[in-house]
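Okay, structure first, notes after.
Here, each number is a calculation from the coordinates, and none is a lab measurement. Note that this is a predicted model, so its numbers are computed, not measured. Glycine also receives a Cβ, built like all others from the backbone with ideal geometry; neighbour counts cover every protein chain displayed.
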Amino acid sequence: MHEETIRVLLVEADDDDARRIEGALATSEPGRVVVRAHRLQEALDRLHEGFDIALLDLQLPDALGLEAFLRLHAPHPALPVIVITGQSDEALALQAVNLGAQDFVPKEALYPELVQRSLRYAIERQRLLAELRELALRDELTGLYNRRGLLALGEQYARIAERRSGPVIVLFVDLDDMKRINDRLGHAAGDQALIEMANILLETFRKSDVIARVGGDEFCALLTETTSGAVEIAIARLYGVLAAYNARGERPYRLSVSVGRASWEGVGSCHFEDLVRRADQSMYAQKQRGLKAA
């Protein structure tokens, strides 16, 4: 049976404690790769190497108590953290759990079975939390549906359209030059551009349409209760609203978009995710030909 490799970041300054923890990990189950950091900053510098879990002592040369946990957890909330504590630190460890740590293990109880169980449960809990967050249907920045929300609603609409023999129409909208905006003006300006693009789409399409942000600078619109002939009208309306926004001159950049489209016309089965993929390919072809609107 294939043994899953788990990469563990051990943040521990004390050599004796580190050896005990490494010994507990080594004898619990195979497939554990342990990388030790003596200081918090060393751990932060190594996070780009990719770890499945961190074991963190709260008494470090460059960070003590909750400061150690918060400095590790705040910028990397997806990384599960188990706090390793001495008897005098258990109250702090409980506070760390309340703030997002997955578990704490007293140094006096570093038995292989306990360490392994804590590791396994912490990783599983973090995975479940990530899935729950992903299940949320809304994009946090723009308030539009996210990709999961679009696909969930799109599949429902596709089933309805199949009973009515279509059509199902998807537009894929890419906001051009986002890298240039971020590089020149900063990510706050980039976020503002995405919010403005969301508002443009909300102004363009009907309340019955489903609008989503499906990637960093990518948006999608599912046009409901419409005909294939209405697509050109919808795209022209988008270009008009976009031009009006740019004409106001209220920002140090102009917004431009590339638009692709795909439709299902009532023949065979409607696979909504495939429609989104085809609309994305259509958008990319438009962008390659330099066909964009501003």
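Please compute the net charge surrounding Leu66, taking Lys and Arg as +1 and Asp and Glu as -1 over other residues with Cβ under 15 Å from its Cβ.
Charge balance in the 15 Å sphere: -4.
If you build the convex hull over the alpha carbons only and average its shadow over all orientations, what do you get for the range 147-288? Give it in nm² to one decimal. Don't jump to the answer; show the numbers that get you there.
On the way: hull surface 33.3 nm².
Mean projected area for the range 147-288: 8.3 nm², to one decimal.
Counting other Cβ atoms within 10 Å of each Cβ, which trypsin sites (Lys or Arg not before Pro) in the range 198-268 have at most 10 and sit in a DSSP loop? Intermediate values should be presented prior to the final figure.
Working: sites: Arg206, Lys207, Arg213, Arg237, Arg248, Arg254, Arg261; in loops: Arg206, Lys207, Arg248, Arg254.
Sparse-neighbourhood loop trypsin sites (Lys or Arg not before Pro): Lys207, Arg248.
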Starting at the first residue of the range 236-250, write each ³J(HN,Hα) from the Karplus equation 6.51 cos²θ - 1.76 cosθ + 1.60 with θ = phi - 60°, in whole Hz, x for Gly and Pro.
4, 5, 4, 4, x, 5, 5, 4, 5, 4, 5, 5, 5, x, 8
In Å and on Cα atoms, what radius of gyration and Dmax does the range 125-223 show?
15.3, 50
Just to check I understand the Karplus step: with θ = phi - 60° and J = 6.51 cos²θ - 1.76 cosθ + 1.60, what whole-Hz values come out for the range 196-201, glycine and proline as x?
5, 5, 4, 5, 4, 5
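First check a/c for the range 6-132, with a ≥ b ≥ c the square roots of the eigenvalues of its C-alpha gyration tensor; if it is under 1.5, answer rounded, and if not, answer prolate when a/b is larger than b/c or oblate otherwise. It would help to have the intermediate numbers written out before the result.
Working: a/c = 1.17, a/b = 1.01, b/c = 1.16.
Rounded, because the longest to shortest axis ratio a/c is under 1.5.
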Scattering curve values for the range 76-119, log₁₀ I(q)/I(0), Debye with Cα scatterers, q = 0.15, 0.20 Å⁻¹:
-0.35, -0.61
What are the ³J(HN,Hα) couplings of the range 38-49, residue after residue, when phi is run through the Karplus curve with 6.51, -1.76, 1.60 and θ = phi - 60°? Round to Hz, x for glycine and proline.
7, 10, 5, 4, 4, 5, 4, 5, 9, 4, 5, 6
Most exposed first by the Cβ proxy, i.e. fewest other Cβ within 10 Å, how do Tyr239, Tyr111 rank?
Tyr111, Tyr239
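By count of other Cβ within 10 Å, fewest leading, how are Lys179, Lys107 ordered?
Values: Lys179 11, Lys107 17.
So the residues, fewest neighbours to most, are Lys179, Lys107.
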Trypsin sites (Lys or Arg not before Pro) within the range 4-56: which are DSSP loop residues with at most 16 other Cβ atoms inside 10 Å?
Arg39
Can you give the direction-averaged projected area of the convex hull of the alpha-carbon atoms in the chain, in nm²?
20.2
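Compute and list, largest first, the equivalent-ellipsoid semi-axes of the range 58-177 from the alpha carbon gyration tensor, each √(5λ) rounded to a whole angstrom. Walk me through the intermediate numbers first.
Details: eigenvalues 405, 64, 18 Å².
Equivalent ellipsoid of the range 58-177: 45, 18, 10 Å, largest first.
Report the charge-dipole magnitude of the range 78-125 in Debye, nearest 20, computed about the Cα centre from +1 at each Lys and Arg Cβ and -1 at each Asp and Glu Cβ.
Details: 4 positive and 6 negative charges, 30 e Å.
Once rounded to the nearest 20, the dipole reads 140 debye.
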If you filter the range 158-230 for GluC sites (Glu not before Pro), then keep DSSP loop positions with at most 15 other Cβ within 10 Å, what is left?
Glu225
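Give me the net charge of Ala161's neighbourhood, meaning all other residues with Cβ under 13 Å from the Cβ of Ala161; Lys, Arg count +1, Asp, Glu -1.
-1
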